[in-house]
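The values are calculated or read from the model by the stated rules, or taken from the named source; none is laboratory data. This is a predicted model, so every value here is computed, not measured. Note that each Cβ is placed from the backbone with ideal geometry, even for glycine, and that neighbours are counted across all protein chains shown. Protein only, heavy atoms only, side chains kept; ligands, DNA and RNA dropped before computing areas. Shrake-Rupley method; radii C 1.70, N 1.55, O 1.52, S 1.80 Å.
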Amino acid sequence: MADREAELTARIAPGVGALAADAWDALSGSDPLIGHTFLSLLEASGSVGPGTGWTPIPILAERNDRAVAATPAYLKTHSQGEYVFDHGWAEAWERAAGAYYPKLQVAVPFTPCPGRRLLGDSSAALAALEAITLQNNLSSAHVTFLTDDEATGARARGWLVRDGIQFHWHNRGYATFGDFLAALSSRKRKAIRKERAAALEGLDIVTLRGAEIRPEHWAAMWAFYQDTGSRKWGRPYLTRAWFDGAGAALGDAALMFLALRDGEPVAGALNIVGDNVLYGRYWGCRAELPFLHFELSYYRAIEWAIDNRIATVQAGAQGEHKLARGYEPVITRSVHFIPDAGLRTAVADFVEREREAIAAELAWCRNALPYRSE
């Protein structure tokens, strides 16, 4: 270990909520998803913690009794809610009589949004994660949806880097939604106009931000989230208490699009406003209504981003159907520290073959983009 790393002390806290907010936020910066308030709400609401398989153990790297780095870390007893799937790795290791769980996971729980994960001195953060993994005889440590720079630093330390693919919308200086449509091929432009007209039939759409989102709106969004979550992954991750506290916790970072019929919400999409990025998070509806998902989750987000000069819309994990709506493929990255040489070799072979498949998928997606060729 380098001399500077020999001076480091890795310390585990019992939760982000147990740490001073100003000290954490001094390291996390302006991203609301890794801020003290957001992560503390997950803990206080019971969305993470006892009974969830997500035990908060934020790790601090300290030098001379001063925190120089931090990571939102969790001790995991399963691989749910991460959106970077390692179930096959776990099964292989357990067939070899190894104990894959608990593992060390650095992530924003239930949130597949790329951003900073190694807060402060990233090298110090990685050194602390390695130390905690080795000292506690854990099978592995994982950092998901981190930045490219962070992934490069991890690779230099011998961590395995895994590629993934998402679909993000990029604002190329559009003044209006019409300008965005004008950049698309004629066929796609007409298709979007038809979808929007069909989605709006018999409905009113309202945009609410911050204090405009009242308790009854959060209650409606909870019901929508419950319906979507039960259909997609069996048990929704976030508790009702999270939705009850989200308004106060998120403030103006909360942005909601609601579809109303006769004044009553029938569908909604919850977004989080970040630093020049809009994160599309949760969607749900009372009944299947044609194209309404596209309207609330994609087109409204694009329109709001244009009006507010936001550079990027991240619409969540997966979804090649987003291509036809102007969302472009991007590579996301995760990194993995695996001390056992045999398991590491097997995983390294897997991620290399997977990377080739991801590259082929990326090329196909780029060819399928709806933008005019010129």
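Sort the following peptides by mean Cβ neighbour count (other Cβ atoms within 10 Å, averaged over residues), highest first: 160-167, 303-310, 95-102.
Order by mean packing, descending: 160-167, 303-310, 95-102.
Please list 320-328, 359-367, 115-123 highest first by mean number of surrounding beta-carbon atoms within 10 Å per residue.
115-123, 320-328, 359-367
Once the Cβ-Cβ distance between Asp349 and Ser186 is put in as r, and R0 is 51 Å, what FRET efficiency do you end up with, to the nearest 0.05? Don't jump to the answer; show the numbers that get you there.
Values: r = 46 Å, r/R0 = 0.90.
E between Asp349 and Ser186, to the nearest 0.05, is 0.65.
Rank by packing, highest mean first: peptides 146-152, 266-272, with packing defined as the count of other Cβ atoms within 10 Å averaged across residues.
The peptides rank, most packed first, as 266-272, 146-152.
Among Ala249, Ala191, Phe180, pick out the residue whose Cα is farthest towards the positive end of the charge dipole of segment 177-252, where Lys and Arg carry +1 and Asp and Glu carry -1 on C-beta, about the Cα centre.
So the residue we want is Ala191.
Hey, rough spin-label estimate for Ile331 and Arg66, points 7 angstrom out along Cα→Cβ, what's it come to in nanometres?
3.7
What whole number of Å gives the distance from the Cα centroid of segment 308-348 to the Cα centroid of segment 29-83?
Here the two parts' Cα centres lie 20 Å apart.
Can you list the aspartates and glutamates whose alpha carbon is less than 16 Å from that of Lys103, not counting same-chain residues fewer than 8 positions off?
Here the aspartates and glutamates satisfying the reach criterion relative to Lys103 are Glu82, Asp86, Glu91, Glu94, Glu130, Asp340.
Kindly state, to the nearest 0.05, the FRET efficiency for Asp22 paired with Thr147, given R0 = 25 Å and r defined as their beta-carbon distance.
Between Asp22 and Thr147 the formula returns 0.60.
Please give the solvent-accessible surface of Val106 in Å², to the nearest 10, using a probe radius of 1.4 Å with every protein chain present.
The accessible area of Val106 comes to roughly 0 Å².
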